[in-house]
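Here the structure is laid out as structure tokens; the discussion comes afterwards.
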Amino acid sequence: MNCFLRLLLIGFTGMLLILSAQTNLYADEEQTWQKVFDVKPGGLLSLESDIGSVDIVGTTSDKVEVEVVAIVDAHSREKARKILDDFTLDFEQDSNSVSVFGKYKRQRSSFWGSVSNNIRVEFNISVPSQYDIDIYTAGGSIVISDLSGKVTVETSGGSLHFDGIKGTIHGNTSGGSITLRDCSGDCDVETSGGHIDITGVLGQVVANTSGGGINIEEVSGMIDASTSGGGISARIVGQPKDDCRLETSGGGIVVYLNKDISVDINAETSAGHVESDFPVTTRGKIHRSSLHGRINAGGPELYLHTSAGNIEIIEI
């Protein structure tokens with residue numbers, strides 16, 4: 001028995017040494033594609049890819065410049081090249097519009113793991129500052145900045161970041177955070193698993209997350225924000241022209257209002273209390289867990305509802 005155990009131990013040790021040696025035989029392989037298209041402002045960039053992060057910036061140039069970088073880690077350069085060969089790119093131009101298609105033939109998992117996890121793809125693109133964007137990626141973050149136009153993006157797994165966009169924004173991710181900074185235009189964003197952070201938006205805001213908090217700063221326009229798992233904080237600096245709604249199933253709500261804002265308050269919590277810095281002309285019975293009435297002269301409805309937390313209305 002002792003001899004058998006020694007042989008077994010020697011064999012196991014040998015296997016570990018082989019695995020360790022093969023693990024150290026990683027080879028990095030990188031490939032870059034570059035394309036330049038002459039266009040005029042007002043066109044459309046369409047991008048659809050099975051994999052990859054995307055970074056798009058608006059410039060003063062009348063060109064669409066595309067750089068795609070694919071990096072692979074594998075046990076050998078031969079294996080890395082095979083993985084790279086499974087990623088293909090196609091480019092099309094129709095007048096002022098450009099389309100980019102990235103396809104990746106995902107290989108089956110093996111004893112060594114899934115090789116699809118070893119490839120990283122990055123799309124770095126510049127477009128004229130006045131340009132529309134339409135993006136879909138099956139997995140990767142998306143960053144878009146300094147553009148005037150309609151922006152529509154969707155990713156099945158990654159964060160979304162918008163900065164300096166003048167135009168409507170539609171953003172959807174199945175797993176990541178969403179950030180908006182200094183945008184002008186109506187925004188409609190949704191994530192199934194992450195927080196939402198919005199600062200400096202001139203326009204209506206619709207924001208929904210199934211798993212995170214929502215923070216909204218300096219928004220001038222209607223706000224419709226909801227989350228199933230986090231708190232909500234909102235700073236409303238201008239007089240709302242339409243009804244606003246902040247609703248959460250799992251957190252508190254804090255609203256900051258300029259002192260001259262006039263709204264009708266409809267605030268309720270199922271497990272907490274409601275507090276207001278403002279004198280409120282109430283209607284009906286006064287309850288610790290609800291507040292219904294007018295702030296200043298009254299106006300559009302400010303709907304604040306939570307199932308598990310406090311509600312605070314704070315004067316700026």
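The values are calculated or read from the model by the stated rules, or taken from the named source; none is laboratory data. Predicted model only: the values in this text are computed from it and were never measured. When we count neighbours, we look across all protein chains shown, and the Cβ atoms used for this are built from the backbone with ideal geometry, even at glycine.
Taking only the stretch 280-316 into account, find how many residues are touching a residue at least 12 places away in the same chain (Cβ under 8 Å), assigned to a loop (DSSP other than H, G, I, E, B) and within 14 Å of Asp264 (Cβ to Cβ).
5
Is it the case that some residue within the stretch 261-276 is in a strand (DSSP E or B) and under 25 Å from the mean Cα position of the chain (by Cα)?
No, because not a single residue in the stretch 261-276 is in a strand (DSSP E or B) and under 25 Å from the mean Cα position of the chain (by Cα).
Could you please find all residues in the stretch 203-217 being outside any loop (DSSP other than H, G, I, E, B) and in contact with a Cys (Cβ under 9 Å, 6 or more places away or on another chain)? Quick ask: steps written out before the conclusion?
From the stretch 203-217, those outside any loop (DSSP other than H, G, I, E, B) are 205-209, 214-217; that's our starting set.
Within the stretch 203-217, Val205, Val206, Ala207 meet the criteria.
From the list Glu312, Glu301, which residue is charged (D, E, K, R) and buried (at least 17 other Cβ atoms within 10 Å of the Cβ)?
Glu312
If you check Asn117, Asn124, which single one turns out to be within 22 Å of the chain's Cα centre (by Cα), at pLDDT below 95 and surrounded by fewer than 18 Cβ atoms within 10 Å (Cβ to Cβ)?
None of the other options fit; the residue is Asn117.
I'd like the residue in the stretch 218-249 that is in a strand (DSSP E or B) and among the hydrophobic types (A, V, I, L, M, F, W, C) and, out of all such residues, is farthest from Ser307 (Cα to Cα).
Among those that are in a strand (DSSP E or B) and among the hydrophobic types (A, V, I, L, M, F, W, C), it is Val219.
Can you tell me which of Thr152, Thr199, Thr191 is among the hydroxyl-bearing types (Ser, Thr, Tyr) and crowded, with 24+ Cβ neighbours inside 10 Å?
Thr191
Tally time: how many residues in the stretch 275-316 are of a type in the set (Lys, Arg) and modelled with pLDDT of 90 or more? It would help to see each step written out before you state the result.
If we filter the stretch 275-316 for residues that are of a type in the set (Lys, Arg), which is where we start, we get 283, 285, 288, 294.
Pick out the ones that are also modelled with pLDDT of 90 or more and you get 294.
Adding up the residues that qualify gives 1.
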